[in-house]
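**Q** Pasting a structure here, questions to come.
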């Protein structure tokens, strides 16, 4: 699996980097790329070949990016009462 995974990453690294850059802030796109690569590593043994490998890689990367956006949105949420306190009300 190691060599197959390495070949898959090398063939798709530009595309994966572009996805990470388009879904993450400038400071965190490398973290997102690392998470995408990790998810691909975890999921690679379960690739069943029902679709083309490039399609599967894109879907895993996209789902990882969207999950990252959702978790970032919820982790940075602030309650309305905190906003009111900050505003001096």
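The values are calculated or read from the model by the stated rules, or taken from the named source; none is laboratory data. Predicted model, so just to flag it, every value in this text is computed and none were measured. With ideal geometry, Cβ positions are generated from the backbone for all residues, glycine too; neighbour counts draw on all protein chains shown.
**Q** Going by the structure shown, is residue 68 surrounded by 14 or more Cβ atoms within 10 Å (Cβ to Cβ) and at pLDDT below 90?
**A** Here the answer is yes, as residue 68 does meet what is asked.
**Q** Given (1) surrounded by fewer than 10 Cβ atoms within 10 Å (Cβ to Cβ); (2) over 21 Å from residue 19 (Cβ atoms); (3) at pLDDT below 60, identify the lone condition not met by residue 85.
**A** All conditions are met except number (1).
**Q** Now for a separate question. Which condition from (1) at pLDDT below 90; (2) under 21 Å from residue 69 (Cα atoms) is the one that residue 49 breaks?
**A** Unmet for residue 49, out of (1) at pLDDT below 90; (2) under 21 Å from residue 69 (Cα atoms): (2).
**Q** Could you please give the count of residues in segment 37-67 that are part of a helix (DSSP H, G or I), under 19 Å from residue 6 (Cβ atoms) and without any contact (Cβ under 8 Å) to a residue 12 or more places away in the chain?
**A** Matching residues across segment 37-67 total 4.
**Q** How many residues are within 18 Å of residue 54 (Cα to Cα) and surrounded by 11 or more Cβ atoms within 10 Å (Cβ to Cβ) when one looks only at segment 1-25?
**A** 14
**Q** Might you check whether a residue that is surrounded by 15 or more Cβ atoms within 10 Å (Cβ to Cβ), over 11 Å from the mean Cα position of the chain (by Cα), in a loop (DSSP other than H, G, I, E, B) and free of Cβ contacts under 8 Å to residues at least 12 places away in the same chain occurs anywhere in segment 26-36?
**A** Checked against the condition, which is being surrounded by 15 or more Cβ atoms within 10 Å (Cβ to Cβ), over 11 Å from the mean Cα position of the chain (by Cα), in a loop (DSSP other than H, G, I, E, B) and free of Cβ contacts under 8 Å to residues at least 12 places away in the same chain, segment 26-36 yields no hits at all.
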